[in-house]
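**Student:** Let me begin by handing over the structure; questions about it come next.
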Amino acid sequence: MKKKEKIILLLLLLVLIIGVAFTLYVNDYYHAEADALKVLDEENIIVSKDSITLKGNSEVGIIFYPGAKVEAESYLPILSKLRDRGFNTVLVKMPFNMAIFNSNAADKIIKDNSDIKYWYIAGHSMGGAMASSYAAKNQEKVEGLILLGSYIYGDYPEERALTIYGSLNQSVEDKINYTKNIVEIEGGNHAQFGNYGFQKGDLEATISAEEQQDISVDAITTFINQNL
């Protein structure tokens, strides 16, 4: 075998190994729990290939980016609570369950929902980082940024952002270098903003997921109403 052929063969083998490793990585993700999937049976829900919309009765829309390697449906319970407050919520289904692969997903949602007057973009964990990045680059398109278990990423004014995190999520607290609109949930952890079970590396919360989400919904409602 010639040297050139060996190099090509090695490159093909390397591509194959990387492809297999990536496939294994993205297919090892957190699945939505049964109580989250039950929300799909509620009324006024529109399910499409790329998103799930929970129709509210106001002019406010919230676009939500899921955390990395977390099935999008895991966040239906907290978004259902927000819908019950009147907000239209759009849960984005990300490629490979990773918001980093479609950080501009909000563009299409805003374009396709011209009846929504005020848009907020939100996200959990890595989804929050990508939502923050989008907000920083598209400040004219969104009224504000809502972060769950995440922090401002990019050049975005803290006055227009709400940061919510659990007191047991020290890695997030250590990254917050601003002082406005911060809500620390005592006894909350990283994972309980969604309903996908215990997350590796997380601490066990001392409050329930429902309590953590209820506190979050109250804080989000107050934040939005104060800014309208």
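Every number in this text was worked out from the coordinates using simple rules, so none of it is lab data. Small disclaimer: the values here were computed from a predicted structure and weren't measured. Here the Cβ is made from the backbone with ideal geometry for all residues, glycine too, and neighbour counts use every protein chain on show.
**Student:** Which order, highest average first, do 103-115, 132-144 follow once you tally other Cβ atoms within 10 Å for each residue and take the mean per peptide?
**Tutor:** In descending order of packing, they fall as 132-144, 103-115.
**Student:** What are the membrane-span-like helices in the chain by this rule: whole DSSP H runs, Cα extent along the axis at least 20 Å, mean Kyte-Doolittle hydropathy at least 1.0?
**Tutor:** 3-26
**Student:** Take the chain, compute every pairwise Cα distance, and split them into 10 Å bins from 0; I just need the percent in each bin.
**Tutor:** Answer for the chain: a P(r) of 8, 33, 35, 14, 6, 4, 1, 0 percent.
**Student:** So, one more: For region 109-167, taking Cα atoms only, what is the radius of gyration to one decimal and the Dmax to the nearest whole Å?
**Tutor:** Using the Cα atoms of region 109-167, the pair Rg, Dmax is 11.2, 38 Å.
**Student:** Kirkwood Rh over alpha-carbon pairs of region 67-163, then Stokes-Einstein at 37 °C and 0.692 mPa s: what D in µm² s⁻¹, rounded to an integer?
**Tutor:** Translational diffusion coefficient: 244 µm²/s.
**Student:** Taking every pair of alpha-carbon atoms in region 91-217, give the share separated by more than 23 Å as a whole percent.
**Tutor:** Cα-Cα pairs of region 91-217 separated by over 23 Å account for 32 percent.
**Student:** Which semi-axes, in whole Å and largest first, does the equivalent ellipsoid of region 146-188 have when worked out from the alpha carbon gyration tensor as the square roots of 5 times its eigenvalues?
**Tutor:** They are 17, 10, 8 Å, listed from largest to smallest.
**Student:** Only bridges whose two residues both fall in the chain count here: according to DSSP, what percent of them are antiparallel, nearest 5?
**Tutor:** 25
**Student:** On each of the three principal axes of the Cα atoms of region 33-77, give max minus min coordinate, whole Å, ordered largest first.
**Tutor:** Principal axes ranked by extent give 31, 21, 19 Å for the Cα atoms.
**Student:** So what is the 222 nm mean residue ellipticity for the chain from helices alone, if each DSSP H run of at least 4 adds -39500 (n - 2.57) and you divide by all residues, rounding to the nearest 500 deg cm²/dmol?
**Tutor:** Per the formula, -10500 deg cm²/dmol.
**Student:** Picking from Ile100, Ile176, Ala209, whose Cα lies most toward the positive end of the charge dipole for the chain (charges on Cβ: Lys, Arg +1; Asp, Glu -1)?
**Tutor:** Value computed over the given set: Ile100.
**Student:** Shifting gears a bit: Of the GluC sites (Glu not before Pro) in region 151-228, which ones lie in a loop per DSSP and count no more than 14 other C-beta atoms within 10 Å?
**Tutor:** Of the GluC sites (Glu not before Pro), the ones in loops of region 151-228 whose Cβ has at most 14 other Cβ atoms within 10 Å are Glu186, Glu204.
**Student:** If you don't mind, there's one more thing I want to ask. What dipole magnitude, in Debye to the nearest 20, does the chain give about its Cα centre under +1 on Lys/Arg Cβ and -1 on Asp/Glu Cβ?
**Tutor:** Dipole magnitude for the chain comes out near 1400 debye.
**Student:** Considering only DSSP beta bridges with both partners in region 15-109, what is the antiparallel share in %, to the nearest 5?
**Tutor:** Percent antiparallel among DSSP bridges in region 15-109 is about 60.
**Student:** Let's test this: bin the Cα-Cα distances of region 149-228 at 5 Å from zero up to the farthest pair and state each bin's percent.
**Tutor:** In whole percents, the pair-distance histogram is 3, 15, 26, 23, 19, 10, 3, 0.
**Student:** Here is a follow-up. Given a cut-off of 26 Å, name the pairs among Lys55/Lys175; Lys93/Lys200; Lys38/Lys93; Lys108/Lys200; Lys111/Lys137 whose C-alpha atoms lie farther apart than that in the structure shown.
**Tutor:** Flagged as over cut-off: Lys55/Lys175; Lys108/Lys200.
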